[in-house]
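Nothing in this text is a laboratory measurement; each read-out follows from the coordinates by a stated rule. Keep in mind that this is a model prediction, so the values were computed, not measured. All Cβ positions, glycine included, derive from the backbone under ideal geometry; neighbour counts span all protein chains shown.
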Amino acid sequence: MQQIKQLKNSAKLTFQDLTFAVEGNELKVNLLRSFYFKIPLEALGSIGKFTLVSENELSFENINQQKASLLFNQLLATHIPQLKNKLFNKQTVYVHQNSGIPLIGTTFIGMTDRNTSCIEIKPITGCNINCVFCSVDEGIDSRKQVDFVVEKDYLIEEFKKLAEKKEIKQAKGRNDKQTKDNLKISKSNQTSKFIDIYLNSHGEPTTYVQLPELIAGLKAVEKVRSISLITNGTLLSKSKIDALAASGLTRINLSLNAVSQEAANKAAGTTYNIEYVKSMAQYITQKLELVIAPVYLPGINENEIEEIIKFAKLLQEKAKFRVILGIQNFLPYSAGRNPLSGISMEEFRKRLEPLEKKYSISLLSVPADMQFYETNALPKPFKKNDKVKAKIVSYGRFFSDRLAAAKDRAILVPNCKAKIGDTVTVKLTVDKHNIFYGREV
């Protein structure tokens, strides 16, 4: 992050992830362009006479570089707990290699491994729209009080460690010859590519400024077969799509829930520029694979589904890369927004089958090369009902919750009054797939 240059009687500090601006009697520190906190100029004066050389360079007079770096880093550590997200001005936790926050253990940041070849990577929380059916209650009207952003290098290094432990066992949900042949090849060579990464943030992953660099780092890991980005599409541009393609992204999964403006706005819970997103979808097909992935919402967008199919067929005619249509059934979640009760999977299939026949298109099956493999289970350092000594390292998504850390795992502790830095005893209430919840005892 930081480079240090010694000038005559001064130290010059240069940063890659931080930029600076003087605002009144404070230095505004911007992290990854989307987050900020402030340091009083008086505090900077305690280091030495301060000059803002450029937006990412500071100089201090009459001090050597090592001491200037040490003192300024102490100031950063003191004030970064006041970090806020510019989008909604929410308090934000920066998860980095020295934060003490593990990247396995929660559903909303880091990595989720459910014992398959699919690994979910979650570098950021928060969303710029407000989907009425959001399963994790993100967006403009979210009740969540705290956002998170993860350091790119920390996420890449921890993913490498996880990938090293992954071994395939069998294909999930497929018996066809192609999948069995792929499995035999992979089993005969455990270093072959079989891990499918899904950038599946609790929110909109394109708000993560270093997304292309993150993808490039993940794609360089030997066992990675594909990387998919799940996005609402509103923040895409041609230059961003070009950068994502160049970084090694395999496909974009576009959450396109309508093709008419009125229905798109209704599903998104806010203004959703449907014509712009459709133009981005068209551009994606010239650069990457595209999965159009609407959620079937009876009473909201059921009349849009056939039009979405027509749009996908139109894209397929001129696409340079594969265009896949995968319609999802809405399922209510206790922590999400539930504008309807949903329909059974049997009824869902019954409604889609006539459309499959009419348009000669698959809406319910997944291509063989996108099937997941069952893998070995990641060892769990503790199990449900265990009592674990853990350190409180952060708030959770609410100020009433805490994240605790123990044995390289994060544990979400709801309704906890312990202070950050405290050591507490936590009784685990959930341990499935290395996702841990507990209560303080």
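For the chain, what is the mean residue ellipticity at 222 nm derived from helices alone (per DSSP H run of n ≥ 4: -39500 (n - 2.57); sum divided by total residues; nearest 500 deg cm²/dmol)? Working shown, then result.
On the way: 10 runs with 113 residues, N = 441.
Calculated at 222 nm, the ellipticity per residue is -8000 deg cm²/dmol.
At a Förster radius of 45 Å, what calculated FRET efficiency corresponds to the Cβ-Cβ distance of Ile420 and Lys357, to the nearest 0.05?
Numbers: r = 58 Å, r/R0 = 1.28.
With a Förster radius of 45 Å, E is 0.20.
If you take the charge dipole of the chain about its Cα centre, with +1 on Lys and Arg Cβ and -1 on Asp and Glu Cβ, which of Ile252, Asn89, Ile197 is farthest toward its positive end?
After comparing all options, I get Ile197.
Take the chain, connect every pair of alpha-carbon atoms lying under 10 Å apart with a spring to form a Gaussian network, then pick out the residue of Ile227, Ile300, Ile101 with the largest mean-square fluctuation.
Ile300
Along the positive direction of the dipole of the chain (beta-carbon charges: Lys, Arg +1; Asp, Glu -1; about the Cα centre), which of Pro40, Val22, Leu364 reaches farthest?
About the Cα centre, the residue reaching furthest to the positive side is Leu364.
Let me spell out the model: positive unit charges on the Cβ of Lys and Arg, negative unit charges on the Cβ of Asp and Glu, origin at the Cα centre of the chain. What dipole size does that give, in debye rounded to 20? Numbers along the way, then the final one.
Numbers: 63 positive and 46 negative charges, 221 e Å.
The calculated dipole for the chain is roughly 1060 debye.
Answer with one residue from Cys131, Leu76, Pro102: the one whose Cα lies farthest towards the positive end of the charge dipole of the stretch 46-153, charges on Cβ with Lys, Arg +1 and Asp, Glu -1.
Leu76
Please sort by residue number the trypsin sites (Lys or Arg not before Pro) in the stretch 118-160 whose DSSP state is loop and whose Cβ has at most 13 other Cβ atoms within 10 Å. Could you put the intermediate results ahead of the total?
Values: sites: Arg143, Lys144, Lys152, Lys160; in loops: Arg143, Lys144.
Sparse-neighbourhood loop trypsin sites (Lys or Arg not before Pro): Arg143.
Would you give the gap between the C-alpha center of the stretch 226-273 and the C-alpha center of the stretch 289-322, rounded to a whole Å?
First find each Cα centre; the distance between them is then 13 Å.
Let me make sure I get this right: for the chain, a, b and c are the square roots of the gyration tensor eigenvalues over alpha carbons, sorted descending. Under 1.5 in a/c it's rounded, otherwise prolate if a/b > b/c, else oblate. Which is it?
Because a/c hits 1.5 or more and a/b exceeds b/c, the chain counts as prolate.
How many lysine pairs does the stretch 387-440 hold where the Cα atoms are under 14 Å apart and the two sit 8 or more places apart or on different chains? Walk me through the numbers before you get to the answer.
On the way: Lys387/Lys407; Lys387/Lys427; Lys389/Lys407; Lys389/Lys427; Lys391/Lys407; Lys391/Lys417; Lys391/Lys419; Lys391/Lys427.
The result is 8.
Would you tally the net charge around Met111, using a Cβ to Cβ cut-off of less than 9 Å, leaving Met111 out, and scoring K and R as +1, D and E as -1? Can you show the working numbers first?
On the way: positive: Lys122; negative: Asp113, Glu120, Glu158.
It works out to a net charge of -2.
Ordered by packing density, taken as the mean number of other Cβ atoms within 10 Å over each peptide's residues, highest first, how do 331-343, 47-59 rank?
On the way: 331-343: 14.0, 47-59: 15.8.
Descending mean neighbour count gives 47-59, 331-343.
Rounded to the nearest 20 Debye, what is the dipole magnitude of the stretch 387-440 about its Cα centre when Lys and Arg each give +1 and Asp and Glu each give -1 at the C-beta?
On the way: 12 positive and 5 negative charges, 20 e Å.
For the stretch 387-440, the charge dipole is close to 100 debye.
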